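The values are calculated or read from the model by the stated rules, or taken from the named source; none is laboratory data. Since this is a predicted model, take the numbers as computed values, not measurements. Cβ: placed from backbone, ideal geometry, glycine included. Neighbour counts: every protein chain shown. Calculation scope for accessible area: heavy atoms of the full protein, side chains included, ligands and nucleic acids excluded. Shrake-Rupley method; radii C 1.70, N 1.55, O 1.52, S 1.80 Å.
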Amino acid sequence: MVRKWLGWGAWVLAAAVHAGDEGVTPTEIRLGASQVLSGPLGPQTLQYGEGARLMFESVNAAGGIHGRKITFTSLDDGFDPKRAVENTRKLIEEQKVFMLFNSTGTAQTAAVLPILKESKTILFGPVTGASSMREGVNPYLFHVRAGYANETERIFSQLKQIGVTRVAYFYQDDGLGKTLLGEVKKASAAASLPLVAEIKVDPAAPDFAAAAAATAQANPQAVVVGTAGLTFPNYVKAVLNTPARPAFYGYSVASLDVIHRELKDKARGIILAQIMPSLRNTTIPVVAEYLKVLKAKSPDAPPSASQFEGFVHARLLVEGLRRTGRDLSTASFTQTLESTGEIAFGRFTARYSPRSHNGSDYVELAIIDAEGRLRY
């Protein structure tokens with residue numbers, strides 16, 4: 001009887017493991033993502049996806065990973081956590097993806113965490129820097145980018161260093177904006193730079209003129225902009241229509257491409273935290289690899305910072321899949337990353353262990369120059 005129950009238990013365990021890894025076949029590794037592909041953040045997220053697909057297409061053209069080709073399906077959630085949950089269930093239950101990759105949004109990531117645990121499915125490289133996602137270790141969550149806390153500390157360190165005393169914070173009243181507000185308050189307290197104003201806009205009906213008027217009234221020397229997509233340049237445009245002339249500091253989730261396209265020469269002088277190396281530094285192997293792959297695919301296409309970030313996320317995932325070997329499963333991939341320690345692409349490094357899935361802590365500040373490029 002004992003042998004019978006042990007045998008039955010082993011069969012159930014094997015079935016559960018197989019059910020969780022159906023996205024790995026002899027010829028395919030299926031990846032999926034719920035992303036914000038429409039609305040103000042859509043253009044930027046599409047760039048992430050283009051960069052990731054550049055990497056995957058290059059790998060597939062070379063024969064795949066241990067003979068398996070990568071497929072990547074993206075579903076639009078419109079930055080709505082409820083739709084993110086629906087999309088994630090569809091990807092796991094209907095499309096049988098092996099892994100979720102590069103999903104976007106803090107609130108969206110938080111909403112799908114129970115599904116990851118329930119289905120034993122990994123989410124690799126979500127586009128969120130929230131500290132709440134990095135406290136402790138979630139066995140099904142692997143980060144790539146540095147956290148918002150790292151970025152905020154770097155911003156306030158420079159503000160204090162250059163003698164700025166009047167700092168305001170502007171944000172869109174959503175999951176991202178509120179998350180960054182928490183980081184800004186911590187960093188401002190640590191740097192003894194209290195905020196002179198907290199200014200927000202309704203994401204459904206943003207009143208940029210009112211936000212700009214509130215900014216001018218507060219008269220800050222610098223504004224930390226806690227948003228991305230079109231909200232960032234629309235706010236800057238509105239402020240520049242007032243007498244106020246603060247310096248603008250943004251996060252890595254703010255797209256250089258969108259900012260430059262919308263502001264043109266007025267983008268000059270905006271400072272953005274960056275969690276990826278400079279595209280000008282071709283001595284860094286992953287930069288050189290991205291530029292080579294981009295040129296081979298689209299010779300006349302200009303390099304994109306957001307596209308490069310998607311490429312690096314995909315490059316790190318590919319490295320983890322390769323190191324795992326032919327016997328690929330959720331368990332074997334996790335064991336490989338946790339035992340590998342550091343994965344380095346020149347100056348950009350990511351570290352994983354059983355105690356931390358936080359990936360990289362690489363942060364630099366870069367300023368937009370007259371040509372719309374970042375200077376580190």
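Consider only pairs whose beta carbons are under 7 Å apart and that are at least six residues apart or on different chains; among these, list those whose first residue lies in region 348-361 and is over 9 Å from V144 (Cα atoms) and small (G, A, S) and whose second residue is assigned to a strand (DSSP E or B) and open to solvent by 20 Å² or more (accessible area, probe 1.4 Å).
S353/G341
Can we say M99 is in contact with a Leu (Cβ under 6 Å, 6 or more places away or on another chain) and surrounded by 18 or more Cβ atoms within 10 Å (Cβ to Cβ)?
The answer is yes for M99.
Does any residue of region 352-363 turn out to be touching a Leu at 6+ places or on another chain (Cβ under 9 Å), at negative phi and among the hydrophobic types (A, V, I, L, M, F, W, C)?
no
Does region 240-259 hold any residues that are open to solvent by 50 Å² or more (accessible area, probe 1.4 Å) and modelled with pLDDT under 95, and which are they?
Matches in region 240-259: D257 only.
Taking G125 as meeting all but one of (1) surrounded by fewer than 19 Cβ atoms within 10 Å (Cβ to Cβ); (2) modelled with pLDDT of 95 or more; (3) within 18 Å of the chain's Cα centre (by Cα); (4) of a type in the set (G, A, S), write down the number of the exception.
So the condition that G125 fails would be (1).
Counting only residues that are under 23 Å from G359 (Cβ atoms), give me the helices (runs of 4 or more DSSP H) lying completely in region 186-302 with at least 2 of them.
The qualifying helices (runs of 4 or more DSSP H) are 285-297.
Can you tell me which residue in region 48-85 is farthest from the chain's Cα centre (by Cα), limited to those that are part of a helix (DSSP H, G or I) and exposed (fewer than 15 other Cβ atoms within 10 Å of the Cβ)?
Among them, the one singled out is A61.
Residue under question is E342, and the condition is that it be closer than 30 Å to L116 by Cα and among the charged types (D, E, K, R); does it hold?
Against the criterion (closer than 30 Å to L116 by Cα and among the charged types (D, E, K, R)), E342 qualifies.
Out of L195, L176, I need the residue that is in contact with a helix residue (DSSP H, G or I) (Cβ under 6 Å, 6 or more places away or on another chain), open to solvent by 40 Å² or more (accessible area, probe 1.4 Å) and either touching a residue at least 12 places away in the same chain (Cβ under 8 Å) or over 17 Å from F248 (Cα atoms) (or both). Which one?
Being in contact with a helix residue (DSSP H, G or I) (Cβ under 6 Å, 6 or more places away or on another chain), open to solvent by 40 Å² or more (accessible area, probe 1.4 Å) and either touching a residue at least 12 places away in the same chain (Cβ under 8 Å) or over 17 Å from F248 (Cα atoms) (or both) holds for just one of L195, L176, which is L195.
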